[in-house]
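In what follows, a structure is listed as structure tokens, so that the remarks can point back to it.
Read-outs throughout are calculated quantities, based only on the coordinates presented, and are distinct from any laboratory measurement. Nothing here was measured: the structure is a model prediction, and the numbers come from that model. Here the Cβ positions follow ideal geometry from the backbone for every residue, glycine too, while neighbour counts run over all protein chains shown.
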Amino acid sequence: GYYYGTMFYFATQDAGYFGPQPRKEGSINHLTYSVFGYGPTTDHPNCSKGADGGPGVSCAVDFPWEYGKNYTQIMERTAQNDDGSNRWTGTLIDDATGETVVTIGEYWTPKNYSLLSSGGLTFNELY
């Protein structure tokens, strides 16, 4: 199958990505949400240390989305600590209702990561 990724960058140029990995119709699909670098941390049950064999955090969840239904995968800053660190949460939204249908995961980035920079890219890869 294919992975349909969206890559984003922080002010430090550290990067992350998120996207779906659709499976054969009628089976459970896979959603990913990751960040690279030595600073990010997580305690979310859908996430673990490491990203693509290097430092970072990887989050993933299997979700039985309905084919023909529209969803949007969102990454947003959901908290900030006094030390300047930020919590980023990845969710899947049902476009018809606007409701969050699943939280993919969340992680904290240190102050030096700052906020997201402008730009990014989308890509498809065979997995």
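If r is the Cβ-Cβ distance from Lys111 to Tyr4 and R0 is 25 Å, what FRET efficiency results, to the nearest 0.05? The calculated FRET efficiency here is 0.20. Listed by chain and number, the lysines whose C-alpha is less than 28 Å from the C-alpha of Lys69, apart from same-chain residues fewer than 8 away, are Lys24. Here the average projected area of the convex hull drawn through the C-alpha atoms of the chain stands at 8.0 nm².
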